[in-house]
Amino acid sequence: MLQTAENASNPQTDLAFQRCINPACGATYDAHSIRTACDKCGDLLDIAYDWDRASVPTKMSDFEAMWSQRTNPVRFSGVWRFHELLPFARQDQLVTVGEGQTLLQQTDSVGDYVGMNHGQLHLQYEGMNPSGSFKDNGMCAAVTHANMMGAKRAACASTGNTSASLALYCSATRLMRAIIFIGSGKISYGKLSQALDYGALTVQIAGDFDDAMIRVKQVSQELGIYLVNSVNPFRLEGQKTIMFRVLESLGWEVPDWIVVPGGNLGNSSSFAKAFMELKELGLVDRVPRLAVINASGADTLYELVERRGVKWNGGHVNMDPIREYNDLMDREGIRADTIASAIEINRPVNLKKCLRALEFMNGVVRQVSDQEILDAKAKVGAGGFGCEPASAASVAGAKLLRREGVIAPSDRVVCILTGHELKDPTATVAYHTTDQELFNKTLGSRGVTKASHANRAIAVPNELDDIIKAIQLYS
Ligand SMILES: *Cc1c(COP(=O)(O)O)cnc(C)c1O
Ligand SMILES: [Zn+2]
(Lines give C-alpha, C1' and ligand atoms only; values in the text may rest on other atoms or scores of the structure.)
(Ligands and ions follow the chains in the order given, each with its own letter.)
Protein backbone atom coordinates (compact mmCIF):
# COMPACT_ATOMS: atom_id res chain seq x y z
CA MET A 1 0.00 0.00 0.00
CA LEU A 2 1.18 3.51 -0.70
CA GLN A 3 2.01 5.25 2.53
CA THR A 4 0.15 8.37 3.51
CA ALA A 5 1.47 11.38 1.67
CA GLU A 6 3.34 12.62 4.71
CA ASN A 7 5.17 9.37 5.26
CA ALA A 8 5.81 8.72 1.65
CA SER A 9 7.01 12.19 0.92
CA ASN A 10 9.90 12.13 3.36
CA PRO A 11 12.21 9.57 1.90
CA GLN A 12 15.63 9.71 3.43
CA THR A 13 17.97 11.09 0.88
CA ASP A 14 20.46 8.34 1.62
CA LEU A 15 18.02 5.91 0.04
CA ALA A 16 19.63 7.05 -3.18
CA PHE A 17 23.18 6.71 -4.40
CA GLN A 18 25.03 6.93 -7.70
CA ARG A 19 26.29 3.74 -9.28
CA CYS A 20 28.53 3.03 -12.25
CA ILE A 21 26.62 1.24 -15.03
CA ASN A 22 29.60 -0.99 -15.78
CA PRO A 23 28.87 -4.20 -13.84
CA ALA A 24 32.57 -5.07 -13.81
CA CYS A 25 33.19 -1.82 -11.91
CA GLY A 26 30.00 -1.14 -9.95
CA ALA A 27 31.56 1.77 -8.04
CA THR A 28 29.05 3.71 -5.96
CA TYR A 29 29.00 7.36 -4.97
CA ASP A 30 26.97 9.51 -2.64
CA ALA A 31 23.84 11.13 -4.08
CA HIS A 32 25.17 14.36 -2.57
CA SER A 33 27.94 14.73 -5.08
CA ILE A 34 28.10 16.20 -8.54
CA ARG A 35 29.50 13.91 -11.20
CA THR A 36 28.73 12.90 -14.75
CA ALA A 37 30.97 9.84 -14.98
CA CYS A 38 32.53 7.15 -12.82
CA ASP A 39 35.85 8.24 -11.26
CA LYS A 40 37.21 4.71 -11.51
CA CYS A 41 36.37 3.67 -15.07
CA GLY A 42 34.82 6.71 -16.76
CA ASP A 43 31.51 5.01 -17.53
CA LEU A 44 28.09 6.60 -17.08
CA LEU A 45 26.32 6.65 -13.74
CA ASP A 46 22.82 5.61 -12.68
CA ILE A 47 20.86 6.69 -9.66
CA ALA A 48 20.18 3.57 -7.61
CA TYR A 49 17.93 3.16 -4.57
CA ASP A 50 17.77 1.02 -1.52
CA TRP A 51 14.21 -0.02 -2.33
CA ASP A 52 13.87 -2.15 0.80
CA ARG A 53 13.89 0.98 2.90
CA ALA A 54 11.80 3.11 0.51
CA SER A 55 8.04 3.57 0.70
CA VAL A 56 6.95 2.25 -2.64
CA PRO A 57 3.42 1.31 -3.61
CA THR A 58 2.39 -2.29 -3.99
CA LYS A 59 0.54 -1.51 -7.23
CA MET A 60 0.68 1.32 -9.75
CA SER A 61 -2.97 2.25 -9.28
CA ASP A 62 -2.09 3.39 -5.77
CA PHE A 63 -0.73 6.51 -7.47
CA GLU A 64 -4.27 7.50 -8.39
CA ALA A 65 -4.56 8.77 -4.82
CA MET A 66 -2.21 11.59 -5.87
CA TRP A 67 -4.80 13.08 -8.21
CA SER A 68 -6.82 14.29 -5.23
CA GLN A 69 -3.72 16.13 -3.95
CA ARG A 70 -3.25 18.30 -7.00
CA THR A 71 -3.63 21.57 -5.09
CA ASN A 72 -0.15 20.72 -3.83
CA PRO A 73 2.16 21.85 -6.69
CA VAL A 74 4.43 18.89 -6.11
CA ARG A 75 1.63 16.39 -6.60
CA PHE A 76 0.18 18.42 -9.48
CA SER A 77 3.47 17.76 -11.25
CA GLY A 78 3.30 14.81 -13.62
CA VAL A 79 6.83 13.99 -12.49
CA TRP A 80 6.63 14.38 -8.73
CA ARG A 81 3.32 12.67 -8.30
CA PHE A 82 5.51 9.61 -8.84
CA HIS A 83 8.09 10.84 -6.33
CA GLU A 84 8.13 7.46 -4.57
CA LEU A 85 9.72 5.96 -7.71
CA LEU A 86 12.52 8.55 -7.83
CA PRO A 87 13.14 9.26 -4.14
CA PHE A 88 16.49 11.04 -4.27
CA ALA A 89 15.24 14.24 -2.63
CA ARG A 90 12.90 15.19 0.19
CA GLN A 91 9.48 16.52 -0.77
CA ASP A 92 10.34 20.02 0.45
CA GLN A 93 13.34 20.05 -1.90
CA LEU A 94 11.45 19.23 -5.09
CA VAL A 95 11.48 21.89 -7.81
CA THR A 96 8.47 22.11 -10.11
CA VAL A 97 7.06 24.50 -12.70
CA GLY A 98 4.04 22.29 -13.43
CA GLU A 99 5.72 19.85 -15.82
CA GLY A 100 4.30 16.58 -17.03
CA GLN A 101 0.65 17.53 -17.66
CA THR A 102 0.72 15.53 -20.84
CA LEU A 103 -1.71 13.47 -22.78
CA LEU A 104 -1.75 10.09 -24.47
CA GLN A 105 -3.77 10.61 -27.62
CA GLN A 106 -5.30 7.68 -29.44
CA THR A 107 -5.54 8.53 -33.12
CA ASP A 108 -6.84 6.31 -35.89
CA SER A 109 -5.95 8.70 -38.68
CA VAL A 110 -2.25 8.48 -37.78
CA GLY A 111 -2.84 4.78 -37.03
CA ASP A 112 -4.10 4.26 -40.58
CA TYR A 113 -1.00 5.99 -41.93
CA VAL A 114 1.26 3.72 -39.85
CA GLY A 115 -0.78 0.66 -40.78
CA MET A 116 -2.25 -0.22 -37.39
CA ASN A 117 -5.60 -1.68 -36.46
CA HIS A 118 -7.98 0.93 -35.11
CA GLY A 119 -7.49 1.79 -31.47
CA GLN A 120 -3.88 0.59 -31.37
CA LEU A 121 -1.78 3.68 -32.11
CA HIS A 122 -1.13 6.17 -29.33
CA LEU A 123 0.82 9.41 -29.31
CA GLN A 124 2.33 10.57 -26.02
CA TYR A 125 2.34 14.33 -26.53
CA GLU A 126 5.18 15.78 -24.47
CA GLY A 127 4.81 19.12 -26.23
CA MET A 128 2.32 20.03 -23.50
CA ASN A 129 5.14 20.64 -21.05
CA PRO A 130 5.79 24.21 -19.86
CA SER A 131 8.75 24.73 -22.20
CA GLY A 132 7.15 22.65 -24.94
CA SER A 133 9.23 19.49 -24.87
CA PHE A 134 9.77 16.34 -22.80
CA LYS A 135 12.99 17.87 -21.48
CA ASP A 136 11.04 19.45 -18.59
CA ASN A 137 10.49 15.97 -17.11
CA GLY A 138 14.21 15.66 -16.63
CA MET A 139 15.01 19.28 -15.95
CA CYS A 140 12.86 19.47 -12.80
CA ALA A 141 14.86 16.55 -11.41
CA ALA A 142 18.25 17.97 -12.46
CA VAL A 143 17.43 21.42 -11.08
CA THR A 144 16.21 19.82 -7.85
CA HIS A 145 19.56 18.09 -7.44
CA ALA A 146 21.50 21.20 -8.50
CA ASN A 147 19.66 23.19 -5.88
CA MET A 148 20.25 20.53 -3.22
CA MET A 149 23.93 20.88 -4.00
CA GLY A 150 23.79 24.66 -3.68
CA ALA A 151 24.53 25.33 -7.35
CA LYS A 152 24.12 28.93 -8.47
CA ARG A 153 24.85 28.30 -12.15
CA ALA A 154 23.70 25.47 -14.41
CA ALA A 155 24.84 24.80 -17.96
CA CYS A 156 24.01 22.64 -20.94
CA ALA A 157 24.87 22.17 -24.57
CA SER A 158 21.75 21.98 -26.62
CA THR A 159 20.17 21.57 -29.99
CA GLY A 160 17.51 23.85 -28.48
CA ASN A 161 15.07 22.12 -26.19
CA THR A 162 17.38 21.39 -23.28
CA SER A 163 18.41 25.03 -23.25
CA ALA A 164 14.80 26.22 -23.49
CA SER A 165 13.92 23.98 -20.57
CA LEU A 166 16.86 24.96 -18.38
CA ALA A 167 16.29 28.63 -19.17
CA LEU A 168 12.64 28.32 -18.17
CA TYR A 169 13.38 26.58 -14.86
CA CYS A 170 15.92 29.28 -14.03
CA SER A 171 13.65 32.17 -14.98
CA ALA A 172 10.58 30.74 -13.26
CA THR A 173 12.29 29.66 -10.03
CA ARG A 174 15.14 32.22 -9.79
CA LEU A 175 17.20 29.49 -8.12
CA MET A 176 20.20 29.69 -10.41
CA ARG A 177 21.57 31.22 -13.61
CA ALA A 178 21.22 29.33 -16.90
CA ILE A 179 24.25 29.16 -19.20
CA ILE A 180 23.58 27.53 -22.54
CA PHE A 181 25.92 26.41 -25.31
CA ILE A 182 24.51 26.15 -28.81
CA GLY A 183 26.03 25.35 -32.18
CA SER A 184 25.93 28.07 -34.78
CA GLY A 185 23.04 28.14 -37.21
CA LYS A 186 21.72 24.80 -35.96
CA ILE A 187 19.00 25.87 -33.60
CA SER A 188 15.40 26.57 -34.58
CA TYR A 189 14.07 30.04 -33.86
CA GLY A 190 11.29 28.72 -31.65
CA LYS A 191 13.83 27.23 -29.26
CA LEU A 192 16.39 30.02 -29.45
CA SER A 193 13.69 32.60 -28.78
CA GLN A 194 12.77 30.82 -25.55
CA ALA A 195 16.33 30.80 -24.22
CA LEU A 196 16.79 34.48 -25.04
CA ASP A 197 13.42 35.51 -23.66
CA TYR A 198 13.93 33.56 -20.42
CA GLY A 199 17.20 35.42 -19.92
CA ALA A 200 19.73 32.59 -20.25
CA LEU A 201 23.36 33.48 -20.85
CA THR A 202 23.61 32.16 -24.41
CA VAL A 203 26.98 31.12 -25.78
CA GLN A 204 27.04 30.38 -29.48
CA ILE A 205 29.94 28.12 -30.44
CA ALA A 206 31.31 28.10 -33.98
CA GLY A 207 30.53 24.41 -34.44
CA ASP A 208 27.70 21.91 -34.09
CA PHE A 209 26.07 20.19 -31.12
CA ASP A 210 28.81 17.59 -30.75
CA ASP A 211 31.37 20.42 -30.50
CA ALA A 212 29.26 22.37 -28.01
CA MET A 213 28.87 19.24 -25.87
CA ILE A 214 32.63 18.78 -25.55
CA ARG A 215 33.09 22.43 -24.63
CA VAL A 216 30.34 22.61 -22.05
CA LYS A 217 31.80 19.58 -20.26
CA GLN A 218 35.21 21.25 -20.13
CA VAL A 219 33.86 24.61 -19.05
CA SER A 220 31.57 23.28 -16.34
CA GLN A 221 34.43 21.21 -14.94
CA GLU A 222 36.76 24.20 -15.00
CA LEU A 223 34.32 26.68 -13.47
CA GLY A 224 32.38 24.31 -11.20
CA ILE A 225 29.10 24.88 -13.03
CA TYR A 226 26.35 22.28 -12.61
CA LEU A 227 25.84 20.36 -15.89
CA VAL A 228 22.27 19.39 -16.85
CA ASN A 229 22.84 17.49 -20.09
CA SER A 230 21.56 13.94 -20.08
CA VAL A 231 24.92 12.62 -18.84
CA ASN A 232 23.45 13.91 -15.57
CA PRO A 233 21.90 10.79 -14.01
CA PHE A 234 19.43 12.77 -11.91
CA ARG A 235 17.90 14.28 -15.01
CA LEU A 236 17.14 10.85 -16.42
CA GLU A 237 15.26 9.96 -13.23
CA GLY A 238 12.64 12.57 -14.11
CA GLN A 239 12.28 11.21 -17.62
CA LYS A 240 11.24 7.80 -16.27
CA THR A 241 7.89 9.35 -15.42
CA ILE A 242 6.98 9.62 -19.11
CA MET A 243 6.58 5.84 -18.96
CA PHE A 244 4.63 6.01 -15.72
CA ARG A 245 2.16 8.42 -17.33
CA VAL A 246 1.85 6.24 -20.42
CA LEU A 247 0.90 3.33 -18.15
CA GLU A 248 -1.47 5.56 -16.21
CA SER A 249 -3.22 6.60 -19.43
CA LEU A 250 -3.58 2.95 -20.45
CA GLY A 251 -5.22 2.01 -17.16
CA TRP A 252 -1.85 0.64 -15.94
CA GLU A 253 -1.66 -1.83 -18.81
CA VAL A 254 1.71 -2.29 -20.49
CA PRO A 255 1.75 -1.53 -24.25
CA ASP A 256 3.58 -3.75 -26.75
CA TRP A 257 5.87 -1.07 -28.17
CA ILE A 258 7.42 2.22 -27.15
CA VAL A 259 8.76 4.10 -30.18
CA VAL A 260 11.02 7.07 -29.51
CA PRO A 261 13.33 9.30 -31.54
CA GLY A 262 16.99 8.86 -30.60
CA GLY A 263 19.38 11.81 -30.21
CA ASN A 264 21.61 11.73 -27.15
CA LEU A 265 19.65 8.62 -26.11
CA GLY A 266 18.66 9.88 -22.67
CA ASN A 267 14.98 9.16 -23.17
CA SER A 268 15.41 5.60 -24.38
CA SER A 269 17.84 4.96 -21.52
CA SER A 270 15.50 6.33 -18.89
CA PHE A 271 12.47 4.45 -20.27
CA ALA A 272 14.30 1.16 -19.85
CA LYS A 273 15.42 2.10 -16.36
CA ALA A 274 11.81 2.84 -15.48
CA PHE A 275 10.77 -0.64 -16.57
CA MET A 276 13.77 -2.34 -14.94
CA GLU A 277 12.71 -0.84 -11.64
CA LEU A 278 8.98 -1.46 -12.07
CA LYS A 279 9.79 -5.08 -12.86
CA GLU A 280 12.11 -5.41 -9.89
CA LEU A 281 9.46 -3.89 -7.63
CA GLY A 282 6.79 -6.21 -8.99
CA LEU A 283 4.74 -3.27 -10.29
CA VAL A 284 4.56 -4.59 -13.84
CA ASP A 285 4.63 -8.19 -15.02
CA ARG A 286 5.92 -7.53 -18.52
CA VAL A 287 7.99 -4.99 -20.40
CA PRO A 288 7.20 -3.36 -23.76
CA ARG A 289 9.59 -3.59 -26.69
CA LEU A 290 11.58 -0.50 -27.54
CA ALA A 291 12.19 1.04 -30.96
CA VAL A 292 14.72 3.87 -31.15
CA ILE A 293 14.51 5.87 -34.35
CA ASN A 294 17.44 7.82 -35.78
CA ALA A 295 17.29 10.33 -38.58
CA SER A 296 19.27 8.89 -41.48
CA GLY A 297 21.52 11.98 -41.39
CA ALA A 298 22.43 11.27 -37.74
CA ASP A 299 22.38 7.51 -37.51
CA THR A 300 25.28 6.49 -35.28
CA LEU A 301 23.14 4.25 -33.08
CA TYR A 302 21.62 2.53 -36.11
CA GLU A 303 25.04 2.06 -37.68
CA LEU A 304 26.56 0.59 -34.52
CA VAL A 305 23.69 -1.64 -33.45
CA GLU A 306 22.11 -2.83 -36.66
CA ARG A 307 25.12 -2.81 -38.98
CA ARG A 308 28.12 -3.38 -36.72
CA GLY A 309 26.43 -5.65 -34.20
CA VAL A 310 27.30 -3.64 -31.08
CA LYS A 311 25.48 -4.99 -28.02
CA TRP A 312 25.28 -4.36 -24.28
CA ASN A 313 26.16 -7.99 -23.75
CA GLY A 314 25.45 -7.94 -20.02
CA GLY A 315 27.68 -4.88 -19.64
CA HIS A 316 30.63 -6.26 -21.59
CA VAL A 317 30.35 -3.93 -24.55
CA ASN A 318 32.79 -4.53 -27.36
CA MET A 319 34.23 -1.03 -27.72
CA ASP A 320 36.26 -1.74 -30.87
CA PRO A 321 33.53 -1.10 -33.44
CA ILE A 322 32.51 2.04 -31.53
CA ARG A 323 36.05 3.40 -31.60
CA GLU A 324 36.44 2.44 -35.24
CA TYR A 325 33.26 4.23 -36.20
CA ASN A 326 34.19 7.35 -34.21
CA ASP A 327 37.56 7.37 -35.95
CA LEU A 328 35.86 6.99 -39.30
CA MET A 329 33.60 9.97 -38.56
CA ASP A 330 36.67 12.00 -37.59
CA ARG A 331 38.65 10.93 -40.62
CA GLU A 332 35.92 11.56 -43.15
CA GLY A 333 34.61 14.66 -41.41
CA ILE A 334 31.14 13.12 -41.10
CA ARG A 335 28.75 15.57 -39.42
CA ALA A 336 25.18 15.03 -38.33
CA ASP A 337 22.76 16.58 -40.81
CA THR A 338 18.97 16.38 -40.60
CA ILE A 339 15.93 18.65 -40.59
CA ALA A 340 15.12 17.00 -37.24
CA SER A 341 17.52 19.28 -35.39
CA ALA A 342 16.71 17.85 -31.95
CA ILE A 343 18.27 14.55 -32.98
CA GLU A 344 21.03 16.00 -35.14
CA ILE A 345 23.69 14.28 -33.00
CA ASN A 346 26.39 11.87 -34.11
CA ARG A 347 28.07 11.14 -30.79
CA PRO A 348 25.27 10.26 -28.41
CA VAL A 349 26.44 10.61 -24.81
CA ASN A 350 24.15 7.88 -23.47
CA LEU A 351 25.14 5.29 -26.05
CA LYS A 352 26.01 2.61 -23.50
CA LYS A 353 22.88 3.12 -21.44
CA CYS A 354 20.86 2.84 -24.63
CA LEU A 355 22.58 -0.45 -25.49
CA ARG A 356 21.46 -1.68 -22.08
CA ALA A 357 17.95 -0.41 -22.79
CA LEU A 358 17.82 -2.25 -26.11
CA GLU A 359 18.89 -5.48 -24.43
CA PHE A 360 16.42 -5.18 -21.56
CA MET A 361 13.47 -4.15 -23.74
CA ASN A 362 14.27 -6.45 -26.66
CA GLY A 363 14.70 -3.33 -28.74
CA VAL A 364 15.38 -2.44 -32.34
CA VAL A 365 16.91 0.61 -34.02
CA ARG A 366 15.83 2.09 -37.33
CA GLN A 367 16.65 5.15 -39.38
CA VAL A 368 14.23 7.28 -41.38
CA SER A 369 14.89 9.96 -43.97
CA ASP A 370 13.98 13.62 -43.65
CA GLN A 371 11.34 12.97 -46.31
CA GLU A 372 9.73 10.25 -44.18
CA ILE A 373 10.00 12.43 -41.08
CA LEU A 374 8.26 15.41 -42.70
CA ASP A 375 5.53 13.27 -44.26
CA ALA A 376 4.85 11.65 -40.89
CA LYS A 377 4.90 15.06 -39.23
CA ALA A 378 2.22 16.34 -41.61
CA LYS A 379 0.08 13.30 -40.74
CA VAL A 380 0.55 13.90 -37.02
CA GLY A 381 -0.50 17.50 -37.52
CA ALA A 382 -3.54 16.55 -39.58
CA GLY A 383 -4.62 13.88 -37.11
CA GLY A 384 -3.59 15.26 -33.75
CA PHE A 385 -1.70 17.94 -31.91
CA GLY A 386 1.22 18.23 -34.29
CA CYS A 387 4.87 18.01 -33.29
CA GLU A 388 8.31 19.19 -34.26
CA PRO A 389 10.28 17.25 -36.91
CA ALA A 390 12.39 15.09 -34.54
CA SER A 391 9.25 13.85 -32.79
CA ALA A 392 7.74 12.63 -36.04
CA ALA A 393 10.68 10.27 -36.47
CA SER A 394 8.84 8.03 -34.01
CA VAL A 395 5.77 7.81 -36.24
CA ALA A 396 7.86 7.37 -39.39
CA GLY A 397 9.80 4.64 -37.58
CA ALA A 398 6.63 2.87 -36.47
CA LYS A 399 5.41 2.93 -40.07
CA LEU A 400 8.68 1.38 -41.24
CA LEU A 401 8.55 -1.34 -38.57
CA ARG A 402 4.93 -2.06 -39.49
CA ARG A 403 5.93 -2.42 -43.14
CA GLU A 404 8.74 -4.78 -42.16
CA GLY A 405 6.30 -6.83 -40.10
CA VAL A 406 8.27 -6.26 -36.91
CA ILE A 407 5.28 -4.44 -35.45
CA ALA A 408 1.98 -6.28 -35.95
CA PRO A 409 -1.20 -4.33 -36.81
CA SER A 410 -2.77 -5.64 -33.61
CA ASP A 411 0.09 -4.48 -31.37
CA ARG A 412 -0.52 -1.63 -28.99
CA VAL A 413 1.99 1.04 -29.96
CA VAL A 414 2.97 4.26 -28.19
CA CYS A 415 4.97 6.81 -30.16
CA ILE A 416 6.57 9.53 -28.07
CA LEU A 417 5.99 13.00 -29.51
CA THR A 418 8.92 14.69 -27.85
CA GLY A 419 8.36 18.34 -28.77
CA HIS A 420 5.71 20.93 -29.55
CA GLU A 421 4.49 21.77 -33.03
CA LEU A 422 5.53 25.42 -32.65
CA LYS A 423 9.17 24.68 -31.85
CA ASP A 424 10.19 24.71 -35.49
CA PRO A 425 7.67 26.55 -37.68
CA THR A 426 10.28 26.97 -40.43
CA ALA A 427 10.20 23.27 -41.32
CA THR A 428 6.41 23.18 -41.18
CA VAL A 429 5.86 26.23 -43.36
CA ALA A 430 8.47 25.08 -45.86
CA TYR A 431 6.66 21.73 -46.19
CA HIS A 432 3.23 23.27 -46.79
CA THR A 433 4.41 26.20 -48.87
CA THR A 434 3.54 26.99 -52.48
CA ASP A 435 6.82 28.90 -52.73
CA GLN A 436 9.12 26.49 -54.56
CA GLU A 437 12.16 28.54 -53.74
CA LEU A 438 11.48 28.36 -50.00
CA PHE A 439 10.84 24.62 -50.29
CA ASN A 440 14.09 24.03 -52.17
CA LYS A 441 16.16 26.18 -49.87
CA THR A 442 14.87 24.71 -46.61
CA LEU A 443 14.06 21.11 -47.52
CA GLY A 444 15.31 20.36 -51.03
CA SER A 445 18.88 20.70 -49.86
CA ARG A 446 18.21 17.81 -47.47
CA GLY A 447 16.94 15.43 -50.09
CA VAL A 448 13.26 16.15 -49.56
CA THR A 449 11.71 16.12 -53.01
CA LYS A 450 7.97 16.23 -52.43
CA ALA A 451 5.37 17.23 -49.89
CA SER A 452 2.68 14.62 -50.50
CA HIS A 453 0.67 15.60 -47.44
CA ALA A 454 1.02 19.36 -47.78
CA ASN A 455 -1.95 21.57 -46.97
CA ARG A 456 -1.31 24.51 -49.23
CA ALA A 457 -2.72 27.97 -48.78
CA ILE A 458 -4.82 29.17 -51.70
CA ALA A 459 -3.99 32.55 -53.18
CA VAL A 460 -6.94 34.73 -54.13
CA PRO A 461 -7.31 38.31 -55.27
CA ASN A 462 -8.69 40.71 -52.69
CA GLU A 463 -12.19 40.49 -54.21
CA LEU A 464 -15.23 39.22 -52.32
CA ASP A 465 -16.51 37.17 -55.29
CA ASP A 466 -13.18 35.48 -55.82
CA ILE A 467 -12.83 34.69 -52.12
CA ILE A 468 -16.32 33.16 -51.95
CA LYS A 469 -15.72 31.17 -55.14
CA ALA A 470 -12.44 29.80 -53.82
CA ILE A 471 -13.96 28.72 -50.50
CA GLN A 472 -16.82 26.99 -52.28
CA LEU A 473 -14.48 25.25 -54.64
CA TYR A 474 -12.15 23.92 -51.94
CA SER A 475 -14.45 23.09 -49.02
C1 LIG B 1 16.12 16.12 -26.95
C2 LIG B 1 15.13 15.74 -27.95
C3 LIG B 1 15.15 14.49 -28.58
C4 LIG B 1 16.23 13.50 -28.35
O5 LIG B 1 16.10 12.86 -27.12
P6 LIG B 1 17.33 12.05 -26.49
O7 LIG B 1 16.89 11.72 -25.13
O8 LIG B 1 18.50 12.99 -26.50
O9 LIG B 1 17.56 10.86 -27.36
C10 LIG B 1 14.14 14.18 -29.46
N11 LIG B 1 13.15 15.05 -29.74
C12 LIG B 1 13.11 16.27 -29.17
C13 LIG B 1 12.01 17.20 -29.53
C14 LIG B 1 14.08 16.66 -28.25
O15 LIG B 1 14.03 17.86 -27.71
ZN1 LIG C 1 33.01 2.57 -13.04
Problem - Dipole magnitude (debye, nearest 20) for the chain, charges at Cβ of Lys, Arg, Asp, Glu - result: 480
Exercise for the section: Quick one: pull the percent of accessible area on region 199-310 belonging to carbon and sulfur, 1.4 Å probe, ligands and nucleic acids left out. Expected result: 43
Problem - Sequence-distant aspartates and glutamates (8 or more away, or on other chains) whose Cα lies within less than 13 Å of Lys135 - result: Glu99, Glu126, Glu237
Fill in the blank from the handout: Counting only protein heavy atoms and rolling a 1.4 Å probe, one gets per residue an accessible area for the chain in Å² of 40
Handout entry: For region 328-362 and region 127-180, distance of Cα centres in Å
Key = 23
Exercise for the section: Determine the alpha carbon to alpha carbon distance for each of Lys191/Lys311; Lys377/Lys441; Lys399/Lys450; Lys273/Lys423; Lys273/Lys311; Lys353/Lys377 and list only those over 24 Å. Expected result: Lys191/Lys311; Lys273/Lys423; Lys353/Lys377
Practice task
Within region 163-220, list the trypsin sites (Lys or Arg not before Pro) lying in a DSSP loop whose Cβ has at most 15 other Cβ atoms in a 10 Å radius.
Solution key: Arg174
Handout entry: Accessible carbon and sulfur surface of region 327-475 relative to its total accessible area, %, 1.4 Å
Key = 51
Exercise for the section: Please list, in chain and number order, the residues 5+ apart from Val95 or on another chain whose amide H is under 5 Å from its amide H, with Hs placed from the backbone. Expected result: Thr144
Problem - Positive-pole candidate from Pro233, Ile471, Phe271, dipole of the chain, charges at beta carbon - result: Pro233
Fill in the blank from the handout: Taking alpha-carbon centroids only, region 185-215 lies from region 23-67 a number of Å equal to 31
Exercise for the section: Would you kindly state how much longer the chain becomes between Asp320 and Asn462 on full extension, computed as 0.36 nm times their sequence separation minus their alpha carbon distance, in nm to one decimal? Expected result: 44.6 nm
Problem - Helix 351-360 vs. the chain, principal-axis angle (Cα, 0 to 90°, nearest 10) - result: 90
Practice task
Rounded to whole Hz and in sequence order, give me ³J(HN,Hα) for region 149-166 from the Karplus expression 6.51 cos²θ - 1.76 cosθ + 1.60, θ = phi - 60°, writing x for Gly and Pro.
Solution key: 8, x, 5, 10, 9, 10, 10, 7, 9, 7, 7, x, 7, 5, 5, 4, 5, 4
Handout entry: Most to least accessible of Leu473, Leu283 (protein chains only, probe 1.4 Å)
Key = Leu473, Leu283
Problem - Solitary cysteines of the chain, where the nearest other Cys Cβ is not under 4.7 Å - result: Cys140, Cys156, Cys170, Cys354, Cys387, Cys415
Exercise for the section: With both partners inside the chain, how many of the DSSP beta bridges are antiparallel, as a percent to the nearest 5? Expected result: 30
Practice task
Express the relative contact order of the chain as a whole percentage, based on alpha carbon pairs under 8 Å and six or more residues apart in sequence.
Solution key: 16
Problem - Pair Lys59, Arg335: separation of 7 Å Cα→Cβ label points (nm) - result: 5.6
Handout entry: Helix 266-280 axis, angle to the chain major axis (alpha carbon atoms, nearest 10°)
Key = 50
Practice task
Return one number: the angle in degrees, 0 to 90 and rounded to the nearest 10, between the long axis of the Cα atoms of helix 370-382 and the longest principal axis of the Cα atoms of the chain.
Solution key: 90
Exercise for the section: For Thr338, tell me the accessible area in Å² from a 1.4 Å probe, rounded to the nearest 10. Expected result: 0
Exercise for the section: Could you please state how large a percent of the accessible area of region 26-123 is carbon and sulfur, counting protein chains only and using a 1.4 Å probe? Expected result: 47
Exercise for the section: Choose one of Thr107, Gln371, Thr433: the residue whose Cα lies farthest towards the positive end of the charge dipole of the chain (beta-carbon charges +1 Lys, Arg; -1 Asp, Glu; about the Cα centre). Expected result: Gln371
Problem - Candidate residues Asp50, Asp411, Asp112: accessible-area rank, largest first, probe 1.4 Å - result: Asp112, Asp50, Asp411
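The values are calculated or read from the model by the stated rules, or taken from the named source; none is laboratory data. Computed from a prediction, not measured in an experiment: that's the story for all the values here. Here the Cβ is made from the backbone with ideal geometry for all residues, glycine too, and neighbour counts use every protein chain on show. Surface accessibility is based on the protein's heavy atoms, side chains included, excluding ligands, DNA and RNA. Shrake-Rupley method; radii C 1.70, N 1.55, O 1.52, S 1.80 Å.
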